[in-house]
Amino acid sequence: SGPRPVSPTGARSRDGRAAAAQQGERLTTAQGDRLYDTDHSLKAGPRGPVLLQDHHLREKITHFDHERIPERVVHARGAAAHGVFKGYGRAAGVTKAAFLGKGVETDVFVRFSTVLGSRGSADTVRDTRGFATKFYTAEGTFDLVGNNIPVFFIQDAIKFPDIIHAGKPHPDREIPQAQSAHDTFWDFVTLHTEATHHTLWNMSDRGIPRSYRMMEGFGVHTFRLENAAGETTLVKFHWKPKLGVHSLVWEEAQIAGGVDPDFHRRDLADAIEAGAYPEWELGIQTFPDTPEQTFEGIDLLDSTKIVPEELAPVQPIGLLTLDRNPSNYFAETEQVAFHLGHLVPGIDVTDDPLFQGRLFSYLDTQISRLGGPNFGQLPINRPHAPVNDMLRDGMHQTAVHRGVAPYHPNSLDAGCPFMAGADTGADIEVPVELPASRKVREAPASYDDHFSQARLFWLSMSPPEREHIVHAYSFELGKCYEQAIKERGLQSLANIDTELCAQVAAALGLPAPEPTEPLRDEQPSPALSQLGRIWPLD
Ligand code: HEM
C-alpha cells in the first residue's frame, strides 16, 4: 500500500487548515510593485528577443538561483518539531536554572538528524542520530546538542575533521552516501582505537532506530551545575523516550529505506499531526564535583566513556512533549542554529577537550552556513528572553539599533546598569588547577583504555542483539576492499570479546586474532558505599 501521504505543505495550523503560500489580491515583486503576468518574459513581439529591461524576469530567476544555502557539514539531513518542556522542580538542589523549576513551561525546538549523509540521503541508514534541543527559556536560550549514542568516537575535538573525513563518502567516487560499509571509515576506526566503543554502539541495534520518537538522547559530555547556594555538581544529561527504545532490524531498514527514504521524518510529522505527541523525560546522572573529576575510576572528561546507570541512576527532572510540526522546513529545520555555548545560569561547561572544541566549531560553521554573523536574528533562532547586546551591523543585519554608544563603559547612552550582579550569568566560578607547568599536546593516561567499556556493552547484550552485532560487523567489514582493514577490524573485536571476534572472523573467512589487551569481565555493581555518593535529588 506504500506510505501514507502527508499534507502537501507538510504542516497544518492548529485548526487543521494549511496556510496558503500567497495571500492578498495581487501578485507583486519583492518591492510590492504590482504584476499582471508571471508566465511570460517581456519580449519585442511574441516571437522577439527577451528584453533586458524585464526586472520581474531577472528578479524571479536571480532569487531562485540563490535559494540554496550550504548544507550542514555534518548532520545535514534532519527533521524537527516544536514543543514544550515542563520542569519537575526536582533539580533545584543541584541547579538554579529557572526553566527546571516545578511546573515551569518552556518552548522548545528539537532537531533530529543523521550525521554523515547529505541532505537528500535516506533516513534508515546505520549511523549515529543527532538529538538537538533548543530551550527558549526566560533566562535566555539553552541548547542541549546531543546524540542518540552516549559516547563519541574521539576524545579531543582536534580529531573531528579526521573522523568526519573518514566517515563521509570516499573523495573519489562519493560513495557510500550513508555511513554503511566503506574502507575509509573502517580504516580510521581500526587505526584509532578510542573509536571502538562508539563504533560498537553503531553496529548494534542503536545504529538503526525504529523512529525518532523511540530514541534515547544523551548530552554525552559532563556538565557542571550550580545551585542557588553556589554548590556545584557534575552531571550527564539523558533523554528517555516514553515510547521506549526500539530499533529496526537490518532487513527492515533496507526495505524501509528503499520504499520510503523519508521513513523517519514522515513518522515524526505524521505522529504529531495525528495528535500522538512524542514525549521524553529529561534526566541527570549526578556526580560529586571533585578535583579529579572522576567517578568510580571513570574519567568524567572522557567522552568515549559512560557512567553505567547501575552506578549512577538517571533521575528525571522534566518532561518534553513535541506537539507542533514546522510550517516551513527551510525557515525552521534548516536555519536553526544550535550552540553548546548557549547556557543559562546554573549550567556550565567542563574541561572535556571534545566539549571545548565544539564550543568553537558551531558558531564558526554557522557564520558561513547562514551567511554572516546575524543569524541569531532569524525567527527560529531568536531568543524568547530580552536581548540587550552590543553587537552591531554585519551581513544581513535586520535590527535597527538605537543610541550612539554600543560599548562599555560609556557615559553617553543610559550607562550599563545591567552589568550589576555577575551571579546572573552562566559562568560558574570553580578553582582551576593547572598541575602541568608546560604546554602539551597529549592526553591523560586515563584516556588510554579503549576497550573495557566496549566489552561492558557487548556483555550487556541479549543473544538476538549479539547476533545483530555479529551480522553488522560481518557485513560492514566484508564490504571493505582492503584486507589489512578487515584484519585490523578483527583485532579490535578480539580486544572486545573472543566469541564476537570468532564469529565475525568465520563470516569473513579469516583467522581470529588473539587479544592484545586484557579482557576484563567485571560488571559494575552498585555497592552501598557508592549509592551513598549518588546524590539523590529527593
Ligand atoms: C552539528 C552533535 C561533536 C561540529 C551537530 C548536530 C548535532 C551534533 C546533534 C546537529 C545540530 C542540528 O540539528 O542543527 C554532536 C555531539 C558531539 C559532536 C553529540 C560529541 C559529543 C562535534 C565536534 C565538532 C562538531 C567535536 C567539531 C569540532 C559540528 C558542526 C555541526 C555539528 C560543524 C554543524 C552545525 C551547523 O551547521 O549548524 N553536532 N557533535 N561536532 N557538529 Fe557536532
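Tell me, in nm to one decimal, what length is gained between residue 412 and residue 231 on full extension, where the rule is 0.36 nm per residue of separation less the Cα-Cα distance?
61.3 nm
Got a sec to turn the phi values of region 251-265 into Karplus ³J(HN,Hα) couplings, 6.51 cos²θ - 1.76 cosθ + 1.60 with θ = phi - 60°, whole Hz, x for Gly and Pro?
With coefficients 6.51, -1.76 and 1.60, one gets 5, 4, 5, 5, 5, 4, x, x, 6, 8, x, 9, 3, 7, 6 Hz.
When ranked by the protection proxy of mean other Cβ atoms within 10 Å per residue, highest first, what sequence do the peptides 278-286, 309-317, 228-236 form?
The most tightly packed comes first, giving 278-286, 309-317, 228-236.
Could you list which residues have their amide H under 5 Å from that of residue 277, counting only those 5 or more apart in sequence or on another chain, with H placed in the peptide plane?
none
Give me a comma-separated list of calculated 3J(HN,Hα) values for region 189-198, in order, Karplus coefficients 6.51, -1.76, 1.60 applied at θ = phi - 60°, integers in Hz, x for any Gly or Pro.
The phi angles translate into 6, 8, 7, 10, 6, 5, 7, 4, 5, 4 Hz.
Among the listed pairs 240/479; 159/240; 86/236; 236/439; 240/486; 96/439, give every one whose C-alpha distance is greater than 24 Å.
240/479; 159/240; 236/439; 240/486; 96/439
For labels at residue 23 and residue 517 in the simple 7 Å Cα→Cβ model, what's the distance in nm?
5.9
Quick check: residue separation of residue 30 and residue 69 times 0.36 nm, minus the Cα distance between them. What number comes out in nm?
12.1 nm
No value in this document is a laboratory result; all are computed from the given coordinates. All of these numbers come straight from a predicted model, not from anything done at the bench. Cβ: placed from backbone, ideal geometry, glycine included. Neighbour counts: every protein chain shown.
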